[in-house]
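Q: What follows is a single structure, and I will ask about it in a moment.
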Amino acid sequence: MTHISIDDFKKLEIRVGTIKHAERVPDTDKLLRLVVDMGEREMRQIISGIAEAFPNQDELIGMQCTFAANLEPRIIRGLESQGMILAVGDEPGGDAFALLVPFRPVPPGSRAH
């Protein structure tokens, strides 16, 4: 494990987002394209390798999850990903895999403290 300073940790912006749309990225087994409301003027697109955990991606719609919101955008399979969904455990689809979710509904864009 590599330790970081509290100042480094403070650079990470963790926000709650509400998933509004989820679909498979064509010609991939693992990728989903998520459209997420993070309380901003425009929705964000997140490309995530969680498709194996959600064969019916519609079950993600309306779910609130935590996201790393201030990562540099990255192009994945020709699509811009504007953040990263946070999860724990095994590989997606494994018994110990879980998305990090708030225990009660909060406004989209709420930040971790």
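Q: How much length, in nm to one decimal, is gained on full extension between Lys30 and Ile61, taken as 0.36 nm per residue of separation minus their Cα-Cα distance?
A: 9.4 nm
Q: Sorting Val88, Val35 on the 10 Å Cβ count, fewest up front, what's the list?
A: Val88, Val35
Q: Modelled label-to-label distance, Lys11 and Asp90, 7 Å Cα→beta-carbon offset: nm?
A: Between Lys11 and Asp90, the label points sit 3.4 nm apart.
Q: Follow-up question, since we're still on this one. Got the relative contact order for the chain handy, in percent, Cα pairs under 8 Å and 6 or more residues apart?
A: Reported as a whole number, the value is 30 percent.
Q: Could you work out which residue, out of Ile47, Ile75, Ile85, moves most in a Gaussian network model of the chain, that is, has the largest mean-square fluctuation with Cα springs under 10 Å?
A: Maximum fluctuation in the GNM of the chain, among the listed residues, is at Ile75.
Q: Now a separate question. With N residues in the chain, what two-decimal value do you get for its Cα radius of gyration over 2.2 N^0.38 Å?
A: Taking N as the residue count of the chain, the ratio is 1.06.
Any read-out appearing in this document is the output of simple, stated calculations on the displayed coordinates, not a laboratory observation. Note that the coordinates shown come from a computational prediction; the quantities given were computed from them, not determined experimentally. Methodologically, a virtual Cβ is constructed for each residue, glycine included, from the backbone with ideal geometry; neighbour enumeration extends over all protein chains shown.
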